[in-house]
Amino acid sequence: MSRRDPYIIKRINFRRVMVVTAISILLVVLILFAFIMESGLPLTLKSLAQIHGKHPSLFLVDLIPVFISALLHPMHHIMNRAIREYEERVLESQQLVERNTEFAERLSEGENPEPYEEMMTTDLGKALRMIHLNIKADRRQEREQSWIAEGKD
C-alpha cells in the first residue's frame, strides 16, 4: 500500500481553488484602486461608492471572485470524487492481486485451496483456476496409478 497521505490531493486541490479565488479578489482590488487613482479621489468607502455610481459595470467586476469560486468549488468536489473512485478501484485491484498471489502460494505449497468467485473476473484468476484444476486432475491420476501399482504388488 502506498505511504502517501491520502488527503494530500484534496488539500492541494482546495489550496488551488483558494489561491485562484484570492488572486481574483486581488485583481478586483487592483481594478478598483486603478479607478480611484484615475479619478483623483481619496481611498475611502465614499469614493468607492462614487466610482461604482459612475461606472455601474464595476458591480460585475466585484462579483468576479464569487463567480470564480462558484465555478471552482463544484469542480473541486467532482475531481475529489473521481480521485476517490479511482483509488477505490486501485485498492480493489490490489486486493484481488493479493488474493490471487495467496492462492498461487498455497497451490505451490501443495495445498488444495478453494477458488473464490472474484478469481474468474481476471485472466490471471482464470489461469490460476486452470492450473488448480490440472493439479487436481494430476493428483487424482497419481492416486489411481499408485492404487493400481499397490494392488499389483
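The numbers here are math on the coordinates, done by the rules we state, and not lab data. Predicted model, so just to flag it, every value in this text is computed and none were measured. Please note: Cβ atoms are built from the backbone with ideal geometry, for glycine as well, and neighbour counts cover all protein chains shown.
Of all residues in region 95-119 being loosely packed, with under 12 Cβ neighbours inside 10 Å and not charged (D, E, K, R), which is nearest to I12 (Cα to Cα)? Ranking the qualifying residues of region 95-119, first place goes to Q95. Examine region 23-44 for a residue that is part of a loop (DSSP other than H, G, I, E, B), surrounded by 14 or more Cβ atoms within 10 Å (Cβ to Cβ) and at negative phi, and state whether such a residue exists. Yes - at least one qualifying residue is present in region 23-44.
Restricting the first residue to region 19-44 and requiring it to be under 14 Å from H55 (Cα atoms), which pairs with a second residue that is among the small types (G, A, S) meet a Cβ separation below 9 Å and a spacing of at least six or different chains? The qualifying pairs are I36/S47; S39/S47. Of the set (1) among the hydrophobic types (A, V, I, L, M, F, W, C); (2) over 34 Å from the mean Cα position of the chain (by Cα); (3) closer than 30 Å to A34 by Cα, all apply to I68 but (2).
The set of residues in region 120-153 that are loosely packed, with under 10 Cβ neighbours inside 10 Å and touching a helix residue (DSSP H, G or I) at 6+ places or on another chain (Cβ under 9 Å) is empty. Given the criteria in contact with a helix residue (DSSP H, G or I) (Cβ under 7 Å, 6 or more places away or on another chain), loosely packed, with under 11 Cβ neighbours inside 10 Å and farther than 30 Å from E118 by Cβ, does F59 qualify? Considered against the rule, which asks whether it is in contact with a helix residue (DSSP H, G or I) (Cβ under 7 Å, 6 or more places away or on another chain), loosely packed, with under 11 Cβ neighbours inside 10 Å and farther than 30 Å from E118 by Cβ, F59 comes out as yes.
For region 71-94, what are the residues that are exposed (fewer than 11 other Cβ atoms within 10 Å of the Cβ) and more than 11 Å from the chain's Cα centre (by Cα)? The one that is exposed (fewer than 11 other Cβ atoms within 10 Å of the Cβ) and more than 11 Å from the chain's Cα centre (by Cα): P74.
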